[in-house]
Amino acid sequence: MSFLDRHFLDFQGISAQKISSFFLKASKLDFSTPPPTNAHIVGHLFFEPSTRTQLSFNTATLRCGAQPLLFMPENSSLKKGETFLDTLLTVQSMGVSCLVIRHGYRESLRKDIVPYLKVPVINAGEGISGHPTQALLDGMTILQERGKIEGEKIVFIGDIEHSRVAKSNFELLSLMGAKLGICGPREWLPKNSNFDFHHFENLSQGLKWATVCMALRIQKERHDSDFNLDFNQFQLNKNVLKDFDPKGIILHPGPFNREVEITSDVLNDPRCAIWKQVSNGVKVRTALLQEVLGL
Ligand code: NCD
């Protein structure tokens with residue numbers, strides 16, 4: 001049973017059962033021997049900054065025995081006025097097998113881009129609307145560390161409204177039967193969302209309820225205006241984590257701003273699974289590329 005339709009853009013049309021088998025496949029990947037090489041070239045088109053997503057897709061491409069083709073927007077013909085779509089059509093014409101795309105343009109991959117392309121597309125982060133491979137790696141980390149996703153109580157903390165990571169996690173985790181909690185300044189709570197949230201005004205209440213907590217970076221680059229908020233009450237630190245389940249787990253998609261949304265001591269807390277998230281990023285992206293490339 002294949003996980004994908006053709007592209008991987010969001011969780012539309014994907015069942016919980018398919019995701020569970022995908023997690024099983026991704027967890028079993030063994031990187032101890034080099035893969036057989038193949039003729040696939042994967043276009044990595046990151047129009048927005050990235051460290052872990054870009055480098056883990058890069059690693060995953062190599063783990064598949066394929067070659068990554070990298071794009072540097074700051075040195076590209078975007079500077080001469082070439083459009084987002086024309087850039088993608090150009091790279092497609094070079095014979096790549098698939099395109100991994102991160103962008104913050106107004107266009108939607110599903111509605112405005114994919115209909116014009118022949119090759120499969122993987123969404124590596126799209127504006128504020130979604131980041132589904134991040135949700136896959138977060139889901140797999142929860143499953144490994146907590147033993148299940150169904151019934152887990154997952155609280156998202158901070159700038160939820162501008163977080164594409166939170167949006168994709170809401171889709172995936174609700175599909176898998178988790179309970180969703182939100183805690184953050186009123187201005188940054190989700191608006192017009194269809195999900196059923198437990199709302200916590202106070203972080204320590206949210207942490208008392210949760211079995212998994214995820215801190216989010218303040219998405220300054222996506223704010224219309226400067227917020228002058230006192231964020232300290234939503235900071236994950238050693239003191240507030242006294243209220244959190246001793247067997248719970250602490251997540252953050254990264255990059256984190258130390259001493260802003262999370263303090264350095266939390267990174268040494270035995271419940272912190274942030275580095276595990278990064279390693280799982282390579283696994284889910286390798287499994288995904290294997291499916292897309294038919295390996
Ligand atoms: C996130 C993103 O780009 O949405 N980073 C990531 O891919 N792990 C989160 C963020 O930038 O805050």
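For 272, 64, the sequence from fewest to most other C-beta atoms within 10 Å is 272, 64.
This ranking places 293, 136 by how few other beta-carbon atoms lie within 10 Å of each, fewest first, which gives 293, 136. Among the listed pairs 18/283; 191/276; 208/283; 28/148; 80/167; 242/283, those whose Cα-Cα separation exceeds 28 Å are 191/276; 208/283; 80/167; 242/283.
Summarising the amide proton neighbourhood of residue 189: residues at separation of 5 or more, or on other chains, whose placed amide H is nearer than 5 Å comprise 161. For region 54-141, applying the loop criterion from DSSP together with a ceiling of 13 other beta carbons within 10 Å to the GluC sites (Glu not before Pro) yields 82. For region 10-15, backbone phi angles converted through the Karplus equation (6.51, -1.76, 1.60; θ = phi - 60°) give residue-by-residue couplings of 6, 9, 4, x, 9, 8 Hz, Gly and Pro being listed as x.
Residue-wise HN-Hα couplings along region 200-216, as the Karplus relation 6.51 cos²θ - 1.76 cosθ + 1.60 with θ = phi - 60° gives them from phi, are 10, 6, 10, 4, 5, 5, x, 6, 5, 6, 7, 10, 9, 10, 10, 7, 10 Hz; Gly and Pro carry x.
Here is the list for region 1-104: trypsin sites (Lys or Arg not before Pro) lying in DSSP coil, each with at most 10 other C-beta atoms within 10 angstrom of its C-beta, are 28.
Report the antiparallel proportion of the DSSP beta bridges in the chain as a percent, rounded to a multiple of 5.
For the chain, the DSSP antiparallel bridge percentage is about 5.
Taking amide H atoms as placed 1.01 Å from N in the peptide plane, the amide H of residue 272 lies under 5 Å from those of 250, each 5 or more residues away in sequence or on another chain. Neighbours of residue 210 by Cβ distance under 12 Å: Lys/Arg scored +1, Asp/Glu scored -1, total +3.
Applied to region 29-39, the Karplus parametrisation 6.51 cos²θ - 1.76 cosθ + 1.60 on θ = phi - 60° returns per-residue 3J(HN,Hα) values of 4, 10, 9, 6, 10, x, x, x, 7, 9, 8 Hz, with x for Gly and Pro. Within 12 Å, Cβ to Cβ, of residue 84, how many net charges do the neighbouring residues add up to if Lys/Arg are +1 and Asp/Glu are -1? Summing Lys/Arg as +1 and Asp/Glu as -1 gives -4.
Values quoted throughout were computed directly from the atomic coordinates according to the rules given, and no laboratory measurement underlies them. Since we're looking at a predicted model, the values are computed, not measured. Note that each Cβ is placed from the backbone with ideal geometry, even for glycine, and that neighbours are counted across all protein chains shown.
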